[in-house]
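The values are calculated or read from the model by the stated rules, or taken from the named source; none is laboratory data. What you see is a predicted model, and the numbers here were worked out from it, not measured in a lab. With ideal geometry, Cβ positions are generated from the backbone for all residues, glycine too; neighbour counts draw on all protein chains shown.
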Amino acid sequence: MKSLSLLTSEYLTYLNGRLKYLFIVKQNLRLFLDFLYCKQIKYPVQLNKKVILEYIAYVNETYGSSTRNRILSNVRRFLIYLVEYEYIEKDYSNLIKLKRPKTGLLIIPTIEEVEEFLDCVDMVTHIEKRDKSLLELLYSTAIRRKELINLNIEDVDIKNKTLRIIKGKGDKDRMVPIGDIALKYLIIYLTEARKEFPDNEKECAVYLLRDGGRITGSAIDIIFKKYNNKCNVRIRLRPHLLRHACATHLMQKGADIRYIQELLGHKSICTTEIYTHVLDADLHKTHNLYHPRKFLSS
């Protein structure tokens, strides 16, 4: 009798060449197998309705809607495969009901909320100077987290107040302007703080870890968590939310949508138009709040 581990390997071989993101399927099924092994289930004949429902409940409680749907969708297809190739008799795939992810407008922090978040960073230690520069740069330039991680010293042009983004999303290179405030803190970091990191001369990355290596995504997440907790803002800010905030605030101040498209590195103007929908919602809210003829007279 073949084990679930072996059948998973065979299933992945079966999928090879059919799916672009096979490694994601592998990760999702490994999570499923680990759960089953904790329940002492190693063979397909041991699968039952109870354990499948328990796994669905576990995923629903642990992950957000989009991740949850992806995990359960891959498990459902695997269960269908087991039925089709007669490794199990009962089809448990119909127990998995995928929830449609919620759609709606982004909740964007106000300019004041972003300023409160940025202002809560002290400028005492070299770590704090790094954090301040990093956060200000994200908000000023609207670059993606991955683009920030990949940023090298040679990509920074202090004289012309620009960043060169190499191979951004969609393999597009672009030049991004740096605002005066972000530039000020970037200069402080580069001239005063960066040299305090170990092996800083050997590393070409702009932002460094405590040990002197290139900063990582998890380190950036820790930085955001630290200052979210410190300033206790209404919205938990994240790198991508600062990107959205930058674009929205620029549009609120009258920036042209084509400029914002170039800044964000969007291939299509349709992607950028989401920010006009945010402004439409703001306009509607303001109209309802202040227009003298909002309410019908009784």
Looking at THR216, THR162, can you tell me which residue is within 16 Å of the chain's Cα centre (by Cα), hydroxyl-bearing (Ser, Thr, Tyr) and surrounded by fewer than 18 Cβ atoms within 10 Å (Cβ to Cβ)? THR216
Could you count how many residues in segment 42-84 are aliphatic (A, V, I, L, M), over 34 Å from the mean Cα position of the chain (by Cα) and either part of a loop (DSSP other than H, G, I, E, B) or surrounded by 13 or more Cβ atoms within 10 Å (Cβ to Cβ) (or both)? 2
Look through segment 119-158, keep the residues that are modelled with pLDDT of 95 or more and among the hydroxyl-bearing types (Ser, Thr, Tyr), and return whichever of them is farthest from the chain's Cα centre (by Cα). THR125
Taking CYS120 and the conditions (1) out of contact with any Phe, Trp or Tyr (no Cβ under 6 Å at 6 or more places or on another chain); (2) surrounded by 15 or more Cβ atoms within 10 Å (Cβ to Cβ), which numbered condition does it fall short on, given that it satisfies the others? (1)
ARG68, sole failed condition from (1) farther than 18 Å from LYS2 by Cβ; (2) out of contact with any Ser or Thr (no Cβ under 9 Å at 6 or more places or on another chain): (2)
Residues of segment 185-204 satisfying the condition of being part of a helix (DSSP H, G or I) and surrounded by 13 or more Cβ atoms within 10 Å (Cβ to Cβ): TYR185, LEU186, ILE187, ILE188, TYR189, LEU190, ALA193, ARG194, GLU196
For segment 231-242, how many residues meet the condition of being assigned to a helix (DSSP H, G or I) and either outside the structural domain of ASP131 (by TED's automatic domain parsing) or in contact with an Asp or Glu (Cβ under 9 Å, 6 or more places away or on another chain) (or both)? 2
Considering segment 85-98 alone, what residues qualify as being over 13 Å from ILE52 (Cβ atoms) and either free of Cβ contacts under 8 Å to residues at least 24 places away in the same chain or within 30 Å of the chain's Cα centre (by Cα) (or both)? TYR85, GLU86, GLU89, LEU98
Would you check if ARG210 is assigned to a loop (DSSP other than H, G, I, E, B), touching a residue at least 60 places away in the same chain (Cβ under 8 Å) and surrounded by 12 or more Cβ atoms within 10 Å (Cβ to Cβ)? yes
Before we move on, is LEU137 closer than 18 Å to TYR207 by Cβ and crowded, with 19+ Cβ neighbours inside 10 Å? yes
